[in-house]
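A quick write-up on the structure given underneath.
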Amino acid sequence: MTHHRLHRTAALLAAGVALTGCASATGPAASADAAPPRATAPGKLPAGAPAPPPTGTPAPGGTAAPSTPAPSGTGRQGDIVPGGTGTSGSTGTSGSTGTSGSSGQGSTGSGSTGSGSTGGTSGTGGTGGTGSTGGTGSTPAPAPAPVTGKILWTPSTAAGPSAFNDVQCKAGNFGVVSDSAKGKVWRAFQAAGEERCETVGPDLRNGDTFYLGWSSRVNIADSDSRYVFQLKCSPSTGTANHPIEIDIADGRVRLQEWDTDHVAHALWTAPTANDKWHSYALKIHLGRTDGTIDFWYDGVKQTFTTGSGTFTGTTWDGDRNYLKWGSYHPSPGDATNTFTSPVMATTLALATSTS
């Protein structure tokens, strides 16, 4: 009995030693019935736990914080790697004058693609410059037709009164003056009561044809007639005396032809006024009965009272014919004829080129 109790006591002691060794083992309990660990206060870590990395910084091998690109260009899903900037478009070349300008063509810039999961945004292509419209080439004005022909005679104001064959005027009453419209011109002043203040041009030859051109401005203080131009013949008696003459009286200008019987034929008339410039041009063919006259006034060809633009009649008589400009006929008032240098030429254009 005693022996049996001793054996039982030894067995219980051995079991106690085994239980004590299990309670002191290191590591978590293997039993599902082990008590759960005690809760840890917020912000504190269990003893012995490693500290976590700062917020937003990926732990080695961890996940990148939102909106932060992966180091060394390693793209993350959902991260955007900025694309490169597109190349600006080149500016179009301006159109040259006279040629329509072409529009410039801008090149389209290409955005670079990021190496991450999502490509970078494409760069915006540069806008091409617009070429300027070329100016319309101006058409040059046609060159004026050359003035052809030959000047047969003209007095130069630079030479003074000696440029004429003769001057029939009171001393000091004829000479060169300056006019604001015509420049250097001739001035013939016929004082009241004097017979004339006229100049004498070149002698003419029967059968010749020529053009005459000049401009004139008069100031007549009465209503009497003044001859301002004469084709004069000599002798004066028994001839037409002045086969062609232009006179002014009482506000009218008149062209007349005188026949071999010294009878006047009024061919043309028009109103006029003092101190107004007018241009005159004549085409004259010299002949005693078959002479002809054409007349232009202020650059316009005139029609005669006969209904024709050319008159046929007496333009030569006697044994000498010549040209005269100035003022003739004794009258109660003063008269002044200011005129440009007459031009005698082989063409109308040349005869009127300076009047």
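Any read-out appearing in this document is the output of simple, stated calculations on the displayed coordinates, not a laboratory observation. Please read these numbers as outputs of a predicted model, since none were measured by experiment. Here the Cβ is made from the backbone with ideal geometry for all residues, glycine too, and neighbour counts use every protein chain on show.
Results, tabulated for the structure shown:
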{"read-out": "Stretchable slack from residue 148 to residue 176, in nm (0.36 nm times residue separation minus alpha-carbon distance)", "value": "7.2 nm"}
{"read-out": "Distribution of pairwise C-alpha distances over region 143-196, 5 Å bins, in %", "value": "4, 15, 19, 19, 16, 13, 6, 4, 3, 1, 0"}
{"read-out": "Modelled FRET efficiency - R0 41 Å, residue 219 with residue 139, Cβ distances, 0.05 increments", "value": "0.35"}
{"read-out": "Stretchable slack from residue 276 to residue 290, in nm (0.36 nm times residue separation minus alpha-carbon distance)", "value": "1.6 nm"}
{"read-out": "Partner aspartates and glutamates for residue 182 [C-alpha distance under 19 Å; skip if fewer than 8 residues away on the same chain]", "value": "275, 298"}
{"read-out": "Overall form of region 223-296 per C-alpha gyration tensor (a/c, 1.5; a/b vs b/c)", "value": "prolate"}
{"read-out": "Principal axes of region 166-269: Cα extent on each, largest first, Å", "value": "40, 30, 26"}
{"read-out": "Where labels lie 7 Å past Cα in the beta-carbon direction, separation of residue 162 and residue 334 in nm", "value": "2.9 nm"}
{"read-out": "Point-to-point label distance, residue 208-residue 301, nm (Cα→Cβ direction, 7 Å offset)", "value": "2.5 nm"}
{"read-out": "Region 255-338 - Rg and Dmax from Cα coordinates, angstrom", "value": "14.3, 38"}
